[in-house]
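The values are calculated or read from the model by the stated rules, or taken from the named source; none is laboratory data. Predicted model, so just to flag it, every value in this text is computed and none were measured. Backbone-built Cβ (ideal geometry, glycine too); neighbour counts: all protein chains shown.
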Amino acid sequence: MSAPDAFYVTTPIYYVNDSPHIGHAYTSLACDAIARFARLDGRRVRFLTGTDEHGQKVEKAARAAGMEPQAFTDLVSQRFRGLATLLDLTPDDFIRTTEERHRRGVQAFWQKLVEAGAIYLGRYAGWYSVRDEAYYAESELVDGRAPTGAPVEWVEEPSYFFRLSAWQERLLAFYAAHPDFVLPQSRYNEVVSFVRGGLTDLSVSRTTFRWGIPVPGDPDHVVYVWLDALTNYITALGYPDTDNELFRTFWPADLHVIGKDILRFHAVYWPAFLMAAGLEPPKRVFAHGWWTNEGQKISKSLGNVIDPVELVGRYGLDQTRYFLLREVPFGQDGDFRHEAMVRRINHDLANDYGNLAQRVLSLIARHCEGRMPEPEGLCSDDEALLALAYALLPRTRAAMREQALHRALEAIFEVIGEANRYVDTMAPWVLRKTDPTRMRTVLWTLAETLRHIATLTQPFVPRASARLLDQLGVPPQRRDFAALGPDGTPVVPGTPLPPPEPIFPRWQETP
Ligand code: MSP
């Protein structure tokens, strides 16, 4: 049992056959926002990411690059570390499946499965897709290809099998007892109906290539890349040592975030492997959707792969983070369009959020001698706005509990809209002449509302939020969620504020 305040969130580990693209960036960004939110909310967080380096697909890519697999994976894995830096990700650990700690853990996990009678030696004869690193039954093929469109090849070789067929009833009982094990709900239903349809034993070793972890006691076999890869979630906690602090604190994982294409591996095979090895399954698997590019499927052959480095270079980091996490309800498919990106940048970030901050801070700079004003006698309009700001933490927390990242952002932007309306109605620039005391109260109310907004946008747009909190004079140690709400630590009247600077520039189309 993990510790009650602990929160363990993982990305899939990425295949190093290729450089990082928008799909990788997306999963990682979502996890990062989730991890940052949980940290600010006082949880003890472990955020894991890494690279999946074994298997035929990576071996082939290394060969195509004219390199040894180890040298090749060293190189490409570095690019994924680079992605984490580029995107301001905050992982606590980065695991590579070629590391010794992982190899040792996988072999111990295998032994456990053998001791439990879950693995037997047989012979595999059937279809395999190297691109998907997956076995397919004849009945699943569509026009001679995998249902994903990937080519398949006929494979016949000695193979160890995992007795997946024996797990059907126990998996169904597990899903029934944990109706939110898989989110969104539609994906849960998909998993349940797949398992109801019957399970066949799963081939878990290969003999026709060498780039993998040798099967203990039978080195002609290497462990099937998915059994190898899934195990990263526990080897990164020090498995097989299940008594160590990390493992005791963080297993079972709270959340595996994945793309919908790898749901079956995470929601069917993984819990079955774990239960067979006497370990608890993770608490939740969240499957997000896929991005297309201007309406087209993203693929190397179409040459329309979106490079996260270009994206961030062109639009900016916070802008990219915001767009990806806001534009599409988390869990659904999305289409990447330049126009939609520009609308989010100019409308949401520059006009709504940026403008609110700019208006409030420059009024304070100009009319309150650059110091946080002192409120005097809040009226019901002020209290109503503050009540909305205070309600944001419980609202965003509820959304984040279901990984509804877009809903958390919507809630925050609703309050940004309300605050902008309040500025218009109160017209502090008029009050400056008619009632300066009232003006100061209005500006304080706005600054306090902005503090709530900026604190809560930190997980999504960390850089801009930090700059805004600097401009509001909020010290770094008062930026977590404990500082929010009616019992929090409000902005302090009299605090000298730095000169205001815009936080979100508008996008200018260059002809
Ligand atoms: N190595 C496996 C995962 C093993 S986890 C134990 C793998 N790697 S991957 O590099 O191919 O994909 C990683 C993630 O990127 C997946 O979650 C996948 O869904 C996601 N994406 C790849 N292309 C994508 C889009 N076009 N859009 C959104 N996400 C997509 O699978």
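Cβ-Cβ distances below 7 Å connect the following pairs, each with a first residue in the range 418-430 that is within 16 Å of LEU386 (Cβ to Cβ), a second residue that is hydroxyl-bearing (Ser, Thr, Tyr) and in a helix (DSSP H, G or I), and a separation of six or more residues or different chains: ALA419/THR449. Of note, ALA253 does not satisfy the criterion of being farther than 21 Å from MET1 by Cα, small (Gly, Ala, Ser), within 15 Å of the ligand (Cβ to nearest atom) and crowded, with 22+ Cβ neighbours inside 10 Å. Of the helices (runs of 4 or more DSSP H) contained entirely in the range 421-486, those carrying at least 1 residues that are among the β-branched types (Val, Ile, Thr) fall at 428-434, 436-457. A single entry from VAL268, VAL328 fulfils the requirement of being farther than 21 Å from PHE47 by Cβ and assigned by TED's automatic domain parsing to the domain that holds ILE13: VAL268.
None of ALA6, ALA38, ALA30 is away from the ligand (no atom under 13 Å from the Cβ), of a type outside the set (D, E, K, R) and within 29 Å of PHE336 (Cβ to Cβ) except ALA38.
Residues in the range 83-109 that are small (Gly, Ala, Ser) and more than 29 Å from TYR322 (Cα to Cα): GLY105, ALA108. Restricting the range 286-315 to residues that are free of Cβ contacts under 8 Å to residues at least 12 places away in the same chain and within 13 Å of the ligand (Cβ to nearest atom) leaves a set whose member that is farthest from the chain's Cα centre (by Cα) is LEU302. You will find that of ARG206, ARG196, ARG210, the residue that is crowded, with 22+ Cβ neighbours inside 10 Å and more than 15 Å from PHE273 (Cα to Cα) is ARG206 and no other. Within the range 30-88, the set of residues being among the polar types (S, T, N, Q) and in a helix (DSSP H, G or I) comprises GLN56, GLN70, THR73, SER77, GLN78, THR85.
Taken over the range 361-380, the criterion of being touching a residue at least 24 places away in the same chain (Cβ under 8 Å), of a type outside the set (A, V, I, L, M) and within 29 Å of PRO499 (Cβ to Cβ) is satisfied by SER362, HIS367, CYS368, GLY370, ARG371, PRO373, GLU374, PRO375, GLU376.
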